[in-house]
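Chemist: Could you have a look at this structure, given as structure tokens, before my questions?
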Amino acid sequence: MSAIEIQGLCPLKGEVWIQGSKNAALPMAAAAILNRGTTVLKNVPGIQDIRCMIQILTSLGCRCSFEGNVLTVQAESLSRVAIPRTYGTAMRSSIVLLGALLGRCGEAATYYPGGCSIGSRPINLHIHGLKCLGARISELGDEKLTARADRRLRGARVNLPFPSVGATENVLLAAVLARGTTVIIGAAMEPEIGQLCRFLNSMGAKVSGIGTGVLKVEGVSELHDTEFSVEGDRIVAGTYLSCVMTAGGRAVLRGVNGGELKEVLRVFASMGAVLETGDRQIDIAMKGRPVKCDVVTGPYPEFPTDLQSLMLAVLAVSEGTGSVRETVFEERFAAAEELKKMGACIDVQNDTAWVTGRYPLTGTGVTATDLRGGAAMAAAGLAAEGITEISECGHIFRGYEDICRDLEGLGARIRRKE
Ligand code: EPZ
């Protein structure tokens, strides 16, 4: 895997266009197989996970093209329901194809999904939801999963004890073409879910309750073609906001809705940033070191778990001792050990990391432990004396279209090393 090299202590200044949302585009691409025609998705990020999803759809018999961030899926020719192990185990999103294939074909086969190692990440809620709609799920040996519905899935009431993003997506995709009405109680409320619902409705689905924890899906017999634009990626935006917090300076982020980052903007403002949101734009200015704070992650609209590692990097250079409590994933503090190599003072106790800031950090060799942990190394490297080299950057390229291009555009001294 390639590495990224950063020369720190250079304040940021400039504008950056935020890529389309990974976690919205992936379930939308899977949902495209519910339409037996042609589905066009715009502003799709050119990232590894999207290329993997395209490989899955192609292996099922769909015809896909992906050019200039426009993904076109012709699903009329879909002829297979089994996802190859290589792709099924490569990322978390492959699991939502269970719901999509059950909805389209009444059967599916895949493998326990891959993705960032940030906890056990079971799929019991996915299986519970699909069983409520009448699917029979078999967990075979060798991590293989098969699902069948003797006839068309039937609408049902589905209670989710935890607002799982993926389980909500899986049930939505299975319910759209089911016979009758489905009500998902305890649904995830992340903005990516709202985008998925609006996308499905643009194809002729009947989803209501969007933005709430109770989603209602009236089953329809078929969907039709659509063209839909993916919103800007709020987590990528939050990543670059974190980089301004650590490096200082100012930046204009375009193509992203600040309303999807309210809690993050509140926290950064409390730490001393000056923030302004406009029409699909966020302006941030940061002078001096951030003031410490205490953050607890949680399901939307709470502080997003995907920015927890970035928060560690910001606190690592802040004034005073702050804390981050992680309530969503049980093993998501791997980045702390890497930050400590740069001189960060972090003490992890159970679900909470206590961080005493110091400035500057010290540039050195670190490893990207996972997608967002890798991004946190970049944020920390911007506030480190000397050179920081991040290895195992494949994790980062799974979710960031081109983090070097974006940060260089903001004035960072950063480059990719093969
Ligand atoms: C999605 O993962 C995102 N991934 C994650 O982003 C994000 O961190 C997460 O939602 C939470 O917001 C994609 O959208 C591709 P969950 P997902 O199901 O669906 C437990 C990134 O960095 N759980 O909401 O896997 C689970 O173990 C990635 O872009 C069960 O117990 O998240 C976890 O503790 C990382 N049983 C919690 O719920 C289940 O059946 C949240 O998981 C499902 C989940």
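Chemist: Sort out which residues of the stretch 123-143 are in contact (Cβ under 8 Å) with a residue 24 or more places away in the chain and within 11 Å of the ligand (Cβ to nearest atom), and write them in order of number.
Modeler: Ile123, Leu125, His126, His128, Gly129, Leu130 - these are the residues of the stretch 123-143 that are in contact (Cβ under 8 Å) with a residue 24 or more places away in the chain and within 11 Å of the ligand (Cβ to nearest atom).
Chemist: Name the residue, out of Val256, Val220, that is on the phi < 0 side of the Ramachandran plot, assigned by TED's automatic domain parsing to the domain that holds Gly374 and modelled with pLDDT of 95 or more.
Modeler: Val256
Chemist: Let me ask something else about it. Which pairs have Cβ atoms under 7 Å, sit 6 or more apart or on different chains, and link a residue in the stretch 222-239 that is over 28 Å from Ala175 (Cβ atoms) to one that is assigned to a loop (DSSP other than H, G, I, E, B) and aromatic (Phe, Trp, Tyr)?
Modeler: Filtered contacts from the stretch 222-239: Val236/Tyr400.
Chemist: Restricting the search to the stretch 144-155, which residues are of a type in the set (A, V, I, L, M, F, W, C) and either in contact with a strand residue (DSSP E or B) (Cβ under 6 Å, 6 or more places away or on another chain) or within 16 Å of the ligand (Cβ to nearest atom) (or both)?
Modeler: Across the stretch 144-155, the qualifying residues are Leu145, Ala147.
Chemist: Could you grab the pairs with beta carbons closer than 6 Å, sequence gap of 6+ or different chains, first residue in the stretch 110-122 and near the ligand (Cβ under 10 Å from one of its atoms), second one open to solvent by 20 Å² or more (accessible area, probe 1.4 Å) and outside any loop (DSSP other than H, G, I, E, B)?
Modeler: Correct list of pairs: Pro113/Arg92; Gly115/Arg92.
Chemist: Just to be sure before I move on: is Pro113 under 29 Å from Arg36 (Cβ atoms) and at pLDDT below 95 in the structure I sent?
Modeler: Answer is yes for this residue.
Chemist: Please name all residue pairs, on different chains or six or more residues apart, with Cβ atoms under 6 Å, provided the first residue is in the stretch 367-388 and is within 16 Å of the ligand (Cβ to nearest atom) and the second residue is open to solvent by 10 Å² or more (accessible area, probe 1.4 Å) and not in a helix (DSSP H, G or I).
Modeler: Within 6 Å, the pairs are Ala368/Glu392; Asp370/Cys116; Leu371/Cys116; Leu371/Arg398.
Chemist: While we're on this one: Condition (residue is assigned to a loop (DSSP other than H, G, I, E, B), at positive phi and out of contact with any Leu (no Cβ under 8 Å at 6 or more places or on another chain)) applied to the stretch 35-57: is it met by at least one residue?
Modeler: Checked the stretch 35-57: at least one residue is assigned to a loop (DSSP other than H, G, I, E, B), at positive phi and out of contact with any Leu (no Cβ under 8 Å at 6 or more places or on another chain).
Chemist: Asp49 fails exactly one of the following numbered conditions: (1) more than 14 Å from the ligand (Cβ to nearest atom); (2) more than 24 Å from Arg136 (Cβ to Cβ); (3) among the charged types (D, E, K, R); (4) surrounded by 16 or more Cβ atoms within 10 Å (Cβ to Cβ). What is the number of that condition?
Modeler: Status for Asp49: all satisfied but (1).
Chemist: Considering only helices (runs of 4 or more DSSP H) fully contained in the stretch 314-410, which possess at least 2 residues that are surrounded by fewer than 23 Cβ atoms within 10 Å (Cβ to Cβ) and of a type outside the set (Asp, Glu)?
Modeler: Passing ranges, in order: 334-341, 394-397, 403-409.
Chemist: For Arg80, only one of the following conditions fails: (1) open to solvent by 10 Å² or more (accessible area, probe 1.4 Å); (2) not in a loop (DSSP other than H, G, I, E, B). What is its number?
Modeler: Arg80 satisfies all of (1) open to solvent by 10 Å² or more (accessible area, probe 1.4 Å); (2) not in a loop (DSSP other than H, G, I, E, B) except (2).
The values are calculated or read from the model by the stated rules, or taken from the named source; none is laboratory data. The structure displayed is predicted, hence computed values, not measured ones. Note that we place each Cβ from the backbone using ideal geometry, even for glycine, and neighbour counts take in every protein chain shown. Accessible surface is based on the protein model in full, side chains and every heavy atom, while ligands, DNA and RNA are left aside. Shrake-Rupley method; radii C 1.70, N 1.55, O 1.52, S 1.80 Å.
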